[in-house]
Amino acid sequence: MPDSNVLSQGIEFYNQKKYSDALTFFLALSSETGADSLDVAYYLGLCYAKLSRYEDSLLYLEQVVTAGKDEERVLQCRLILAVIYSLSGRKRLAAFELNKLLEAEYKPASVYAALAFVAWEQSDTKKCLDYYEKSLDADPENVTALNGMGYVLACEDKDLTKALSFCKKAVKASPNSAACLDSLGWVYYKLGLYDDAKKYLEMAEAIDGNSEEIANHIKSVVLDGDKR
């Protein structure tokens, strides 16, 4: 009989955001421990996703979805799969998974925000903004939608005052998010407020120093700021 405590150390690592430690733990589990293989696959998929090892993540999350034993877990995995499919350019698969989630009425705010991201990646700005609006209609405090809406409006030079409001709310809700700080900095850049832009973009870079997008945004601010 499986021991319910077998996975506890790995789950604790995961909850503490020690994803590499959690991954090492779950990979080291042997079948002799009695751990449920789908439980292990689920956590391996989550760990790989958090570590941006998306192809490895797909391998395990797809196992969970295919098995279909835990409906809530399957729906959660479908959402993660959709994001990974989108990031890896498999937009049709992403849209398929997201539409399945909408049919199941699973976390509509998150699903609409993910659909907005897919639309943005497909250069369909109108559809992107429409989806972000639907996400915020479902949950006005959804950080992903607030951040995404503000960023897209800024990129399109549309209603920068509203963009600033969205991004400020996102940063207030998630002050340590590099993505949110980057978006707020980008809005300030679009408003011509270069000192504020640099401040938030550098905060974003301090959190995520590997982001090319953040680095490019900082370059834009520095170049245009020097022209003043």
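Evaluate the range 23-34: report whether one residue or more is under 20 Å from the mean Cα position of the chain (by Cα), without any contact (Cβ under 8 Å) to a residue 60 or more places away in the chain and either crowded, with 18+ Cβ neighbours inside 10 Å or within 30 Å of D130 (Cα to Cα) (or both). Yes, the range 23-34 has at least one match.
Here K169 fulfils each of the conditions (1) modelled with pLDDT of 95 or more; (2) of a type in the set (K, R); (3) under 30 Å from L38 (Cβ atoms) apart from (3). Close contacts from the range 42-61, counting a first residue that is in a helix (DSSP H, G or I) and a second that is surrounded by fewer than 16 Cβ atoms within 10 Å (Cβ to Cβ) and among the basic types (K, R), with Cβ to Cβ under 8 Å and a gap of 6+ residues or different chains, come to K50/K17.
Among the residues making up the range 194-215, a single one is aromatic (F, W, Y) and over 16 Å from K168 (Cα atoms): Y194. When S183, S174 are screened for being of a type outside the set (A, V, I, L, M, F, W, C) and crowded, with 24+ Cβ neighbours inside 10 Å, only S183 passes. In the range 72-98, of all residues being polar (S, T, N, Q) and part of a helix (DSSP H, G or I), the one that is farthest from the chain's Cα centre (by Cα) corresponds to Q76.
Every test in (1) buried (at least 22 other Cβ atoms within 10 Å of the Cβ); (2) of a type in the set (A, V, I, L, M); (3) farther than 22 Å from T24 by Cβ is passed by V64 save one, and that test is (3). Looking at the range 103-162, the helices (runs of 4 or more DSSP H) lying wholly inside it that each contain 2 or more residues that are free of Cβ contacts under 8 Å to residues at least 60 places away in the same chain and farther than 17 Å from L181 by Cα sit at 108-121, 125-138. What residue, among those in the range 193-228 that are surrounded by 15 or more Cβ atoms within 10 Å (Cβ to Cβ), over 20 Å from the mean Cα position of the chain (by Cα) and β-branched (V, I, T), is nearest to S52 (Cα to Cα)? The residue in question is I218. Scanning the range 39-53 for residues that are surrounded by fewer than 18 Cβ atoms within 10 Å (Cβ to Cβ) and modelled with pLDDT of 90 or more gives L51, R53. Contact map, the range 181-202: first residue over 10 Å from V221 (Cα atoms), second residue among the acidic types (D, E) and buried (at least 23 other Cβ atoms within 10 Å of the Cβ), Cβ cut-off under 9 Å, separation 6 or more or different chains; pairs are Y200/D182.
The values are calculated or read from the model by the stated rules, or taken from the named source; none is laboratory data. Only a predicted model underlies this, so the values are computations on that prediction, with no experimental measurement involved. Positions of Cβ are backbone-derived with ideal geometry, glycine not excepted, and every protein chain shown enters the neighbour counts.
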